[in-house]
Amino acid sequence: MGIAAALIFCNFGASYGTARAGAGLANLCVVDSTKTFKGLIPVVMAGILGIYGLIVAVVINSNIKGK
């Protein structure tokens, strides 16, 4: 259950963060197009959050001992 929660919530957070950062990036490009690459940083960091959830799920799964 913990593994599923780690994957679901981290990927949900990553997708929500990507959507919000993408909307902000679109607004930033309209206002000042020279700052496009600076606006990409939150989008990349939101994607890293999904990878972090995968890593947590693998760590939790490796701690499970069978009989």
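The values are calculated or read from the model by the stated rules, or taken from the named source; none is laboratory data. Predicted model only: the values in this text are computed from it and were never measured. Note: areas computed on protein heavy atoms with side chains; ligands, DNA, RNA excluded. Shrake-Rupley method; radii C 1.70, N 1.55, O 1.52, S 1.80 Å.
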Legend entry - Solvent-accessible area per residue, Å², over the chain with all protein chains present [probe radius 1.4 Å]: 76 Å²
Legend entry - Exposure rank, largest accessible area first [56, 30; 1.4 Å]: 30, 56
Legend entry - Portion, in percent, of the accessible area of the chain that falls on carbon or sulfur, probe 1.4 Å: 73 percent
Inset, instruction - Before rounding to the nearest 500, sum -39500 (n - 2.57) across all DSSP H runs of length at least 4 in the chain and divide by the residue total; then give [θ] at 222 nm in deg cm²/dmol. - result: -30500 deg cm²/dmol
Inset, instruction - Express in nm, to one decimal, how much length is gained between residue 38 and residue 19 on full extension, taking 0.36 nm for each residue of separation and deducting their alpha carbon distance. - result: 5.2 nm
Inset, instruction - Run the numbers on the range 9-53 and let me know its relative contact order in percent, using alpha-carbon pairs under 8 Å that are six or more apart. - result: 60 percent
Inset, instruction - Enter the angle in degrees (range 0 to 90, nearest 10) between the Cα long axis of helix 36-62 and the first principal axis of the Cα atoms of the chain, meaning the one along which they spread out most. - result: 0 degrees
Legend entry - Value of Rg to Rh for the chain (Rh from inverse mean 1/r over Cα pairs, i.e. Kirkwood): 1.22
Inset, instruction - For the chain, find the longest principal axis of its Cα atoms and tell me its angle to the long axis of helix 2-31, 0 to 90°, nearest 10. - result: 0 degrees
